[in-house]
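> Let me begin by handing over the structure; questions about it come next.
The values are calculated or read from the model by the stated rules, or taken from the named source; none is laboratory data. What you see is a predicted model, and the numbers here were worked out from it, not measured in a lab. Counting neighbours? That spans all protein chains shown, and the Cβs are built from the backbone with ideal geometry, glycine included. The accessibility values were calculated without ligands, DNA or RNA, using every heavy atom of the protein model including side chains. Shrake-Rupley method; radii C 1.70, N 1.55, O 1.52, S 1.80 Å.
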Amino acid sequence: MKTQELKLNIEKALTEIRPFLEADGGNISLVSFDNDIVKVQLEGACISCSVNQMTLKNGVEATIKKYAPQIQKVISVE
């Protein structure tokens, strides 16, 4: 998969998950991706949420992998 196509697929995944985060007062943005790791930034209420790592793994990472199966890990950066 080409870099531009991969970025588009990651953005599609974030667009799918964004309404759930926004409903709780948060948001997410793509910071970067390199090989099989995606870096995202949690925003708003997501920053201090006690279950944000679970959301990152079970929600964000799972959704990104649906669109871009080659992604191995999603990490949150500040």
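> Is segment 40-60 home to any residue that is under 21 Å from Leu6 (Cα atoms) and of a type in the set (Ser, Thr, Tyr)?
The answer is no; no qualifying residue exists.
> Could you look through segment 6-29, keep only residues that are over 20 Å from Gln53 (Cβ atoms) and open to solvent by less than 40 Å² (accessible area, probe 1.4 Å), and pick out the one that is modelled with the highest pLDDT?
So the residue we want is Asn9.
> Does segment 30-78 hold any residues that are open to solvent by 50 Å² or more (accessible area, probe 1.4 Å), among the hydroxyl-bearing types (Ser, Thr, Tyr) and closer than 11 Å to Ile10 by Cβ, and which are they?
Result: Tyr67, single match.
> May I ask you to list the residues in segment 1-58 that are basic (Lys, Arg), part of a helix (DSSP H, G or I) and within 17 Å of Gln72 (Cβ to Cβ)?
Across segment 1-58, the qualifying residues are Lys7, Lys57.
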